[in-house]
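The structure under discussion appears below in the form of structure tokens.
The values are calculated or read from the model by the stated rules, or taken from the named source; none is laboratory data. Because the structure is predicted, anything quoted here is derived from the model rather than measured. No Cβ is skipped: glycine too gets one built from the backbone with ideal geometry, and neighbour counts run over all protein chains shown. Heads up: the accessible areas ignore ligands, DNA and RNA and are worked out on the full protein's heavy atoms, side chains in. Shrake-Rupley method; radii C 1.70, N 1.55, O 1.52, S 1.80 Å.
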Amino acid sequence: MFDLLRDLWGFMRERKKFWLAPIISVMLLLGALIVFTQGSVVAPFVYTLF
């Protein structure tokens, strides 16, 4: 996992594509939100946001 993050950071630094960092972080946060609320009582309220 850390190798993937290191390679991704190296790619962004070398190619000057730092605009990808916010996109990737938002996608990871939304994915984590869906995974962690899937089995909880909060799930119906989270899905109404989308």
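General observations
- Single residue of Pro22, Pro44 found to be at pLDDT 90 or above, exposed (fewer than 10 other Cβ atoms within 10 Å of the Cβ) and not charged (D, E, K, R): Pro22
- Selection of first residues in segment 30-50 that are touching a residue at least 12 places away in the same chain (Cβ under 8 Å) and of second residues that are assigned to a loop (DSSP other than H, G, I, E, B) and open to solvent by less than 70 Å² (accessible area, probe 1.4 Å), restricted to Cβ pairs under 6 Å at least 6 apart or on distinct chains, gives the following pairs, ordered by first then second residue: Val46/Thr37.
- Against the conditions (1) within 14 Å of the chain's Cα centre (by Cα); (2) surrounded by 10 or more Cβ atoms within 10 Å (Cβ to Cβ); (3) free of Cβ contacts under 8 Å to residues at least 12 places away in the same chain, Leu8 satisfies every one except (3).
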